[in-house]
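Here the structure comes first, spelled out in structure tokens, and everything after it is commentary.
The values are calculated or read from the model by the stated rules, or taken from the named source; none is laboratory data. The model shown is predicted, which means the values in this text are computed figures rather than measured ones. Glycine gets a Cβ as well: all are built from the backbone with ideal geometry, and neighbour counts include every protein chain shown.
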Amino acid sequence: MSAPGPVRWVWKQHPGLLATSLVIMIAAPYLGSLPVRTIPSVVALAAGRQAPGGELGWFLGDRAGDLGAVLIFLVIAGGLAFALTVASTRVAARLISHANRDLRLALHQRLLARPPAFLREPGVGNLLRTALVEQTRVVSTYAASTVPAALGVGFAVFIWAETLRGAVAGSGRGSTAALVVAGVVAALLVINLVAVWIAGSKSQAGQRKVMSEQAGYMGLAGESIGSLRSLQLEVGQAAQQRRVAEVLDRMSRAEIRVAAWGGLSAAAGSGVVMLGIPLLVLLWKGLGLRGEDLAVMIPALLMLQRSISSVGSLWTARKVSMPAIELVGRMLDPDPSVAAGGAALERATGSLVFRDVCWNAGGREVLRGVTLEVAPGETVALVGAGGSGKSSLLALALRLEMLSSGQITLDGSDVGAVALDDLRRRIGFLEQHPAFFARTVRENLLLDDREASENDLWAAVRAARIDALVERIGLDQPLPDAGRTLSGSEKRRMALARLLLRDPDVIFVDELEAGLPQALAQELLAALREATAGKTCLMVTHRPDLLAADRVALLHEGRILEVGTHDELAARNDSYRSLLAREAEGDSA
């Protein structure tokens with residue numbers, strides 16, 4: 001039973017704590033079982049028949065014949081076993097806590113490296129939330145307990161076997177008694193372990209159902225939080241509540257099934273006691289064992305029962321934990337589409353080339369053989385109807401998506417071979433819907449933790465023409481409501497200031513003017529042109545007439561129809577004129 005990947009990962013991160021836990025799990029059952037294992041010797045010593053030997057002789061030497069010394073030693077051994085058991089709880093808690101922290105950090109790091117397309121896969125977002133919060137705890141607990149518990153169980157079984165062997169050997173009928181007792185105990189073990197196996201397998205299937213419903217619940221809860229206004233305006237609260245209740249009912253039924261099978265597994269060990277004690281009494285009479293031997297065998301049987309219960313709990317924990325372990329393991333695996341390393345890129349002149357670029361998504365050809373060259377310092381507008389592939393070109397150049405075929409180069413270097421962080425430092429992306437966070441204004445402007453002087457900060461804020469807002473809020477004050485209450489124009493100006501502080505060599509802009517009145521759009525585009533003068537700019541827009549770009553590339557159904565200046569295309573291309581007319585009508589409406 002090899003350890004799954006995330007469990008081995010936890011062990012490698014914390015070898016010291018794991019080793020301490022292993023030592024304790026061996027020492028505690030050994031010391032705790034001494035009083036049971038030495039019953040025949042102590043009884044004999046108390047009756048004056050013989051001096052105890054074996055382990056008592058190892059520990060006590062000449063004092064092994066002193067009943068008082070023996071009893072004091074056994075009390076001390078029991079106290080040490082108790083102290084070690086308490087210590088094992090603390091060590092396990094530390095291991096679980098540290099492992100949980102490290103797993104969550106590692107998962108979050110992997111998440112930040114994933115391409116955004118990863119989150120578009122069905123259910124992945126909800127699974128990620130459960131993995132980052134709930135399932136890491138399951139994996140950490142399992143990793144912290146599995147090896148120590150398995151070793152402890154194995155050692156307890158060994159101690160029980162040795163104790164039983166000594167008791168049977170003392171009867172004078174060692175071989176016959178050993179075979180009979182071993183056969184009875186083996187049969188009981190097989191019966192109980194089969195029950196444990198079945199219960200564990202059923203528990204695993206039930207836990208997969210629990211996790212599936214849990215992800216569904218988190219998705220619905222996220223919908224309720226993110227779409228509360230719409231639900232209330234559409235009077236959809238009752239319907240949403242009904243959906244949540246249905247998911248929670250299914251999850252509750254699955255949890256009950258898991259608990260029921262887990263209870264069967266935990267109870268399996270009690271079968272050893274229910275059947276074993278009567279059988280041992282019969283064997284005692286039939287084989288002529290001594291009374292003190294029976295006094296050893298019954299506590300030893302109870303120890304075996306605890307071992308079997310531990311085996312059942314361990315197996316059930318493994319089976320119940322496996323769905324979480326598999327999920328965390330998938331999240332820990334590096335994404336093959338995110339290349340590790342790559343060539344360093346300190347600065348770029350801004351020469352950008354798309355050569356026969358093709359990209360398929362969702363079974364559809366989004367881009368089909370696009371070729372476009374952008375010279376250093378040139379501003380090129382990408383225009384076309386919705387779905388023509390404009391924004392996809394930007395995403396491919398930034399490796400937010402992966403090419404199906406073709407090549408994109410920056411200063412002659414294939415962007416796929418450039419270190420990803422360097423590529424994105426050299427290319428700044430101004431999105432239509434920029435993200436802001438529950439941090440100060442300063443922290444929202446400096447997302448990559450770079451240092452910036454007050455002069456640089458205010459220069460960027462003024463260049464983006466957002467200085468009045470920043471002065472009103474304060475650079476070191478929290479951005480109100482994480483930016484959700486800012487207007488569309490204010491959000492984009494704040495994002496422009498953030499981009500200017502990064503000082504990229506190439507700038508991508510995705511529909512900066514979308515949804516804004518023409519006057520505001522013109523003002524924002526003017527600020528952009530002024531702030532990025534001399535830099536290479538590739539801009540997705542529906543209003544190239546407002547942009548004053550050097551050239552315009554007109555896309556249609558994933559292909560470039562024509563490239564030229566705004567005046568050239570307006571004079572000779574019907575599709576371009578139709579596009580401008582539609583946008584002008586939208587503005588006037």
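For GLN13, the conditions (1) closer than 30 Å to ALA99 by Cα; (2) among the polar types (S, T, N, Q); (3) buried (at least 16 other Cβ atoms within 10 Å of the Cβ); (4) at pLDDT below 75 are fulfilled apart from (4). Scanning segment 92-142 for residues that are modelled with pLDDT under 75 and of a type in the set (Gly, Ala, Ser) yields ALA113, ALA117, GLY123, GLY125, ALA131, SER140.
Select from segment 205-241 the residues that are crowded, with 17+ Cβ neighbours inside 10 Å and hydroxyl-bearing (Ser, Thr, Tyr) and write down the one among them that is nearest to GLU255 (Cα to Cα). Among those that are crowded, with 17+ Cβ neighbours inside 10 Å and hydroxyl-bearing (Ser, Thr, Tyr), it is SER212.
Among residues of segment 490-506 that are under 17 Å from THR379 (Cα atoms) and in the same structural domain as GLU530 (by TED's automatic domain parsing), those with a Cβ under 6 angstrom from a residue that is in a helix (DSSP H, G or I) and of a type outside the set (Lys, Arg), sequence gap 6+ or separate chain, pair up as LEU500/ALA460; LEU500/ALA463; LEU500/ALA531. Annotation note: Cβ proximity below 7 Å between a residue of segment 240-260 that is under 22 Å from GLU223 (Cβ atoms) and a residue that is among the hydroxyl-bearing types (Ser, Thr, Tyr) (sequence gap 6+ or interchain) occurs for GLN240/SER224; VAL244/TYR217; VAL247/TYR217; LEU248/TYR217; MET251/TYR217. Taking segment 186-230 as the range and being more than 25 Å from the chain's Cα centre (by Cα) and among the hydroxyl-bearing types (Ser, Thr, Tyr) as the test, the residues that pass are SER227, SER230. Which of the residues that make up segment 411-469 are more than 18 Å from GLU346 (Cβ to Cβ) and β-branched (Val, Ile, Thr)? Result: THR440, VAL441, VAL461, ILE466. Here ARG253, ARG243 are screened, and the one residue that is touching a Lys or Arg at 6+ places or on another chain (Cβ under 9 Å), more than 16 Å from MET322 (Cβ to Cβ) and modelled with pLDDT of 80 or more is ARG253.
Remark: GLY428 matches the filter, which requires a residue to be over 28 Å from the mean Cα position of the chain (by Cα) and small (Gly, Ala, Ser). Among the residues of segment 502-524, how many are buried (at least 20 other Cβ atoms within 10 Å of the Cβ), under 19 Å from ALA459 (Cα atoms) and out of contact with any strand residue (DSSP E or B) (no Cβ under 9 Å at 6 or more places or on another chain)? Adding up the residues that qualify gives 1.
Of all residue pairs spaced 6 or more apart or on separate chains, none has beta-carbon atoms under 9 Å together with a first member in segment 109-124 that is outside the structural domain of GLN214 (by TED's automatic domain parsing) and under 19 Å from ALA215 (Cβ atoms) and a second member that is at pLDDT below 60 and β-branched (Val, Ile, Thr). Against the test of being under 30 Å from ASP481 (Cβ atoms), modelled with pLDDT of 80 or more and assigned by TED's automatic domain parsing to the domain that holds MET322, the options SER230, SER224 yield a single qualifying residue, SER224.
Among the residues of segment 469-488, are any buried (at least 20 other Cβ atoms within 10 Å of the Cβ), of a type in the set (D, E, K, R) and within 17 Å of ARG439 (Cα to Cα)? Scanning segment 469-488, I find no residue that is buried (at least 20 other Cβ atoms within 10 Å of the Cβ), of a type in the set (D, E, K, R) and within 17 Å of ARG439 (Cα to Cα), so the answer is no.
No other residue among LEU580, LEU547, LEU554 is aliphatic (A, V, I, L, M), touching an Asp or Glu at 6+ places or on another chain (Cβ under 9 Å), farther than 30 Å from ARG347 by Cβ and touching a residue at least 60 places away in the same chain (Cβ under 8 Å) apart from LEU554. The single residue among ASP414, ASP476, ASP467 that is at pLDDT 90 or above, touching a Ser or Thr at 6+ places or on another chain (Cβ under 6 Å) and not hydrophobic (A, V, I, L, M, F, W, C) turns out to be ASP476.
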